[in-house]
Every structure is written in structure tokens, then in C-alpha cells.
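Each value in this text was obtained by applying a stated rule to the coordinates, not by laboratory testing. Because the structure is predicted, anything quoted here is derived from the model rather than measured. Cβ atoms come from the backbone with ideal geometry, glycine included; neighbour counts cover every protein chain shown.
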Amino acid sequence: MDALIPLFVAIPLISAFLMVIFGKLVKGFHRFLAPITLLALLLLAVYEFTSLGGTSQAYAMGGWTGKEGSPLGIFLVLDGFSVIMLCIINLIGLVALFYSLSYMAKYTAEANYYSLFCLIVAGMNGVVLSGDLFNLFVFLEVSVISSYALVAFGVGKTELEASFKYQVLGGLASMLILLAIGLIYWQCKTVNMAEVRAAFDGSYSKAFYLFVQVLLISGFGLKAAIIPFHAWLPDAHSSAPSPISAMLSGVLIKAVGIYVLIRLFFNMFVFTHEIGVVIAALGALSMVLGSLLAIIQWDVKRLLAYSSISQIGYIVMAFGMGIILLLRGNNEAAAVLAIGGGIYHMINHAVFKGLLFLNAGSLEFRLNTRNLKEMGGLSKSMPLTSTTSFMASMSISGIPPFNGFFSKLVIIIAAINGRFYLLAALAVLVSIITLGYFLKFQRFAFFNKAEKAVEKIREVPFPMATSMVFLAILCVALSLLAIPSVSETVLRPAIDVLIQPELYSTTLIGI
Amino acid sequence: MEGMSTIVKKVSQLVAGLIFMYGIYIILHGHLTPGGGFAGGAIVAGAFILLILAFGSSALNLKKEVAGSSNTESVAILLVVILALMSLFLGAKVFFGNFLPKGEAGTLLSAGVIPLYNIFIGIEVAGAILTIFLALVIFKEESSK
Amino acid sequence: MIVYLLCFVLFLVGLYGVITRRNLIKIAISLSIMEFSIFLILVLIGYIDQGLAPIVNTNSGPEIYVDPLPQAMVLTAIVIGLATTAMLMAIAIRLYRKYKTFDIREIKNLRG
């Protein structure tokens, strides 16, 4: 239903500020309100997903629609692609929140953590729902500033340094994005994404167009941490508390980095061949360099952070291939495969990377160390952590029957169909390297001979174990998405709204 | 931190009231003249900060102050979102709709719900800036003990 | 045209500060300078020749006003810049308490 769309942003905002007020009066209020908020958001997202059915809805805030010739109004757009992102964000948010009910018990100022968590979810929901550029910028800043505070949450030396580095680079990225928004407004006299597309269909100067696109790729590439903009990610994601690392690496770099890049380049700009090549090349570079840098790490969360860079490279490369194939014009099936593979890998990566970071958090919770050389022999004493970690590692390396295998297979088949043989070979090579360093992680953490006495180490408490088991079950269940009839209902609306940008603009301008 | 000399204290006592009223004027006339919630809220916070700087933080009970300003800020934001949600049920039934009667353009009591938004946002911004300042003062006090 | 060039020079001054300064507070201030240059560019984009300030007087005829939309965008962006600067300052002060220095060459615990 239309009127439920703004609730995605309003509900977490209300609960975040209620927790600030009542957190001091009532003990344990935040541990009660936050899971209920995220559960409500998840149910709302699933309801919208089932009731949308391939159409798009646009909601004009305040009922302000433009008159002839002067586009006004702030629109929230819900279509096939945004509803998938909403489901991912709220699902991983709920699981990470449930995990942090027992993980954050040893931190002081726990009430602020839950407020910031609700704010980051509110910001991300706003980013995927917004239909014009400046609204997107405001919600982007809301979620990113909350994430700066959450990275520095346990105020130790490394957390503060990582947060400072993250903030300087993130602030630079936001400025580039704001400059690009200003330049687009200068040219088109509007910031509404559908109207910008209509304005760009006329005559424009090529150099200006290219400059704006390069600014946007740099700005959102910094948020999405593709090479060469990745310098903040290993520090920030390894120093944050583990449920926050799961949120950052699992959804934030996708919702405010890749989702916006894809939305802008597919639905707002007219493609050119150079941009497709640039995006595919950046993706391939991230894929290879991320995995090579991950092999040498001994800190378990740093290893997972570098592997995030590598998997994000897969997704960006798939979308780049989709752009080039759409421009060639004669092979639409391969383009659909490439874009579908990219979206499928986004969903999968959120689930298994979230699970891996939660596992690393469990190890840190019991052993107080993140160094792989000091762990060992934990498969007997922490059976749930060990099993779920093994399933996630097999998933991310692309071993059947887990979900990672199917999404990587779709991307490689699309590459071969489109005759990008080099990219397909690189994808297979990086998959093997990924298997290599995840086997290293498994061996040193769980299956080696124990360095220290590990008899006293018990399994993690109930909330943490439940979240990990739930994500592991999802890892297996999501491989069902590869069945063509299931992916027709789930993924096809998203692919359609990306391939046919007229669908996007007519929904909005037709209002 | 210590306060400043007597002249500074007396002059800031006189001036802070004027600055506070000027800030409220800018907030209330937000729909007629430039300014509105953000700018007016920053000026109101400036009045409070001027007094704190002149009298020194040893004259305050810092924990109660920062709790007060933090709660004020949260209550103001809650009122903004509740007002936005209320317009889902009254009037045009859209989020952020304008459901109060709009008077004539140009008078003070006009433009429906916009002056209410300005007032709440002004209170919120003043509370936020004051909370940031007081938090930094508290941190300085604790680290120099 | 020359005003846009001057704003870009201000942006480059801020960028130079972020890259070369060693003091944490100076890095934060340079980031603020960069932000303000972007705000200036945004406001200048909305300028229309011989336009008045966009305050509508009900008893005057049709006038030419400058574009008010970039001004509204800049108001919001100023508040966002305030929040960013406040976060940076808070982290910088806590870093000073841990490391006893503001020099970024000393704060190098994370590498690799």
C-alpha cells in the first residue's frame, strides 16, 4: 500500500529517540524496543515485497507534485530493486541486533548503541527509497555519520584511529557527491532522478557529462570501497564491534555504495561504452587485488574485510558487464544474466559475510583475541560456531550446494556468453584464491592443534548462537533462488526496472 | 574551567537575553523572512554558550545540564516526527502534509503547519548544539582532573 | 565565470590542507573549508541576472527572483557539515587523551 512507504523511515527514527529519553529512566528499555522495531520493519518489508508484484509505486511527500515546467516535490519510489534492498537491510539488521543483545553487554553506554543502530537502519532505508538526488544525499549522511560513531564505539586506540581515517575519507566522498549534485542541478534545473533523465535526453556537452559521471563514480566508489578507494575499509571494519562490522560490510557498502551507483547509472544516465568499461575494469581490479591482499592477513577480521573488497568487485564487475552487453544490443539474454547475477550475489554476500563477521565476533567474545596464530582446536569446544563458519566459508568460496556457488556460476556464465573470456578466467581464479584463504581461516581457527588450553571455552550464549544458525540456514535456503521459476518472481522485477529506464521515469513523471 | 572577569560577566548577562529573543524572532518568522528553524536554533544555542563561557563551567551542575538539553532535543525530534505522522490521518492524508488552516499569506499566523515545524526544529537544533558543547566541556573536565 | 574559478581555488586550498597538514585539528578545519567552497558553488549556481532575494511580497507585481532551491539545499548541507565537524572534533579530543599528541605521524597503530 502506498501510505506505508514513509513508515520505513519514520519507525526507526521514533524508536531511536524514544530510546534516548526512556533509556535512562527504565532499565533495559532499549533491549526491548530495538528488536521490536526491527522486527516490525522486516515484516513491513516482506509485506511490501509480496504485495508489489512487479509494479512500481511512487509516493509524493506532503502531496507536493510539480506544476508544468517546474518540477517540485520529494518522491519516495518503491520498485523491484529497492524492495529487495529493503528486505536485505532489515533482515541483516534484525539478525545483527539480536546478536548484539549479548555481545554488547560488556560495553558501557549500551543505550546509545541501540539508538545509533536504529538511526543507521533509518538512513539506509531512506537511501534505497529516495527518488531524488538531494534526499538521497541527506539520508546517506544520516547513515554514514551514525556509522562513524559506531565504528569508534569501544573507545580504544585502534577504534578511534580507524574512525578518524574513515571520517576524513568519507567526508571527502560526501563533498564530491554534493559537487556532482550541484553540477547536475546547474545543467538540468532539477534534482529529481526521472526528470534528470528526461533533461539529459536532449542536447548536452559530452565533457560535462563525463566529468559528472567520474565525480559520482569517485564519490560512491569511496563509499563502496572499490579499488583504488578502499584504504579505509580494512581498518574500519576490523576495529568496529562485530555486529557493526556485519552491518557495515554486509549492507552499508551495498546500500549507500553499489545500490546508488547502479540506480544512477542505469536509471538516470544514458550509458556510454567508456563508462561500462571503466566500471567493469574497476570491478575486476577490486576482485583480484582484494583477494591477493587477504591471503597475507593474520588478523581474522582484517582478512574478512579484504575479502569484502574482493566480493564487491564481483558485483561491480557483473554490473559493468551488463552495461557493455546492453550497449552492444544483440545479446539481451546475457545482459539479463549478468545483472541478475550481480543482484543475486549482493543478496548472498550480505548473508554469508554477515555470518562470517558474527563468527569472528564469537571467537573474539570467548578468546579475547583476533590473531589467527593464537587460536586453534576450537571445533570441539564451539561446535555451533565451527559448523556455521564452515558453511559460510564454503558458501563464499563457491562450493555447491551453497548459495555462493550459484551466484558466481551465473556471473561466470554471463561473462562467457558475452565473450569476456578474460573476466571469466579472473573470476574463476579469484574463486580458487578465496577458497585458499578461507581454508586457512578454518584450519587455524578451528581444526589446528590448540595453542593454549581450550577446555574451558564454552559455546557462545543463546542470542548469538541463534543469529548465526539462522543465517547459516539462509545460506542454504538462498540457493533455491537459482531455480528459474523462483528467480523469475524474485529477481526479474528488479532486472526489468534496471534494463528499461522508461519504466522508472514514467512512474514518476506520470504522477 | 574558570569564569572570566566581572565586566564580561555583567555584559554577557545583559546581552544574552537580547540574543535569545533575537533567536526566537528568527524562528517564529521563518515562513516570512529568511532563517527558520536551523539558523534561529543556532542563535539560541549561542546565547546559552555565551553565558557558559563567561561564568565558567564550575558554576553549573554539568550532568544535569547535559541531561536536560539532551532530553529537550529528543522530545523536539519526536514531536516533529509525530506531527508528520499525524498528517497521515488528518487533512490530505499524506506524510508531511499541511493540515492546519492556512491564513492569509504574509501574516504571522499563516501557512498551516510550517511555523510549528520551525519552532520544533529550532528547539531541537539549540538542544543539539548545546549538548555537543556541554559534552566536550565535561570531557575536558574529566581529563584534566 | 571567475567566481566559480575562485570557489574551485578554495576547494583546492582545503584539499591541500587535508593532504599535507599533520595536526588533527588542522585536518578537520581543512575539511570544513572544502565543504564551504562546495556550498558557495551551490548558491552561485542559482543566480539569475538582476534577480532579487526570493522573499515574496504579496502586494508587488511579477518580479525576477534568484533560484531558492539551491539555497534550501545549502541550509540543509550546512547542518550536515556541522554534524560531521562535531564528530571529527570529538574523535580528535579522545585521540589526544589516548596518545597525548595531535600529530598523525605518531598515531599509526593500524598498518597493513
Could you work out, for chain C, what percent of all Cα-Cα pairs fall into each 10 Å distance bin, beginning at 0 Å and stopping at the bin that holds the largest distance?
13, 30, 26, 17, 9, 4, 1
Out of the GluC sites (Glu not before Pro) in the stretch B:1-104, which ones are loop residues according to DSSP with at most 14 other C-beta atoms within 10 Å?
B:E2, B:E104
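Once you keep just the Cα pairs under 8 angstrom separated by 6 or more residues, what percentage relative contact order results for the stretch B:6-143? List each step's numbers first, then the result.
Values: 181 pairs, mean separation 42.7, N = 138.
That works out to 31 percent.
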How long are the three semi-axes of the equivalent ellipsoid for the stretch A:1-110, computed from the Cα gyration tensor as the root of 5 times each eigenvalue, in whole Å, largest first?
33, 18, 10
Sort the stretch A:160-244 into rounded, prolate or oblate with this rule: let a ≥ b ≥ c be the square roots of the eigenvalues of the Cα gyration tensor; rounded if a/c is under 1.5, and if a/c is not under 1.5, prolate when a/b is larger than b/c, oblate otherwise.
prolate
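Going down the list A:K165/C:K98; A:K24/A:K301; A:K24/A:K106; A:K440/C:K98; A:K353/A:K408; A:K223/A:K301, which pairs span over 23 Å between their C-alpha atoms?
Values: A:K165/C:K98 16 Å; A:K24/A:K301 33 Å; A:K24/A:K106 18 Å; A:K440/C:K98 35 Å; A:K353/A:K408 15 Å; A:K223/A:K301 19 Å.
Over 23 Å apart, Cα to Cα: A:K24/A:K301; A:K440/C:K98.
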Relative contact order, percent, chain A [alpha-carbon distance under 8 Å, six or more residues apart]:
16 percent
Work out Dmax and Rg for the stretch A:277-378 from the C-alpha atoms and quote the Rg first, both in angstrom.
17.1, 56
In order over the stretch A:110-116: 3J(HN,Hα) from phi, Karplus 6.51/-1.76/1.60, θ = phi - 60°, whole Hz, x for each Gly or Pro, gives 5, 5, 5, 4, 5, 5, 5
Place a point 7 Å from the Cα of B:E142 in the direction of its beta carbon; the residues of the stretch B:47-69 whose amide N falls under 19 Å from it are B:57-69
Averaged over residues of C:32-41, the number of beta carbons from other chains lying within 10 Å of each residue's Cβ is 3
Among residues other than C:L31 whose Cβ falls under 13 Å from its Cβ, what is the net charge (Lys/Arg +1, Asp/Glu -1)?
+2
Mind sorting B:K102, A:K27, A:K254 by how few other Cβ atoms lie within 10 Å of their own Cβ, fewest first?
A:K27, B:K102, A:K254
Using the count of nearby Cβ atoms within 10 Å as a rough guide to exposure, how do C:V9, A:V214, A:V151 rank from fewest to most?
C:V9, A:V214, A:V151
Using amide H atoms built in the peptide plane, which far-off residues or other-chain residues are under 5 Å from A:G376 H to H?
A:E451
Could you work out how far apart the two model spin labels at B:K63 and B:S5 are, taking each label as a point 7 Å from the Cα in the direction of the beta carbon, and quote it in nm?
3.6 nm
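Run the numbers on the stretch A:85-203 and let me know its relative contact order in percent, using alpha-carbon pairs under 8 Å that are six or more apart.
Working: 84 pairs, mean separation 25.1, N = 119.
Over the stretch A:85-203, the number comes to 21 percent.
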Taking the alpha-carbon centroid of each part, what is the distance from the stretch B:11-68 to the stretch A:299-371 in angstrom?
49 Å
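The protein assembly as shown: Rg/Rh from Cα coordinates, Kirkwood Rh?
Working: Rg = 26.3 Å, Rh = 27.3 Å.
For the protein assembly as shown, the value is 0.96.
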To the nearest whole number, what is the average tally of beta carbon atoms from other chains within 10 Å of the beta carbons of peptide A:132-139?
2
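Ranked from highest to lowest mean number of other Cβ atoms within 10 Å per residue, what is the order of the peptides A:262-270, A:376-384? The partial results should precede the final answer.
Working: A:262-270: 20.9, A:376-384: 17.6.
The most tightly packed comes first, giving A:262-270, A:376-384.
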Interchain or long-range residues, amide H under 5 Å from C:Y65's placed H:
C:L52
Using θ = phi - 60° and the Karplus form 6.51 cos²θ - 1.76 cosθ + 1.60, what ³J(HN,Hα) does each residue of the stretch C:96-110 get, whole Hz, x for Gly and Pro?
5, 5, 7, 9, 6, 8, 9, 7, 6, 6, 8, 9, 9, 6, 9
For chain B, the Kirkwood Rh over every pair of distinct alpha carbons, in Å, works out to 16.8 Å
Name the residue farthest towards the positive end of the dipole of the protein assembly as shown from the options A:S310, A:G131, B:V125, assuming +1 on Cβ of Lys and Arg, -1 on Cβ of Asp and Glu, about the Cα centre.
A:S310
Proxy reagent accessibility, fewest Cβ within 10 Å first, across B:V15, B:V44:
B:V15, B:V44
So what J values fall out for the stretch A:271-284 if you push phi through Karplus, 6.51 cos²θ - 1.76 cosθ + 1.60 with θ = phi - 60°, rounded to Hz, Gly and Pro as x?
5, 10, 5, 5, 5, x, 5, 4, 5, 5, 5, 4, x, 5
Report, as an integer, the average count of C-beta atoms from other chains found within 10 Å of each Cβ along C:44-53.
1
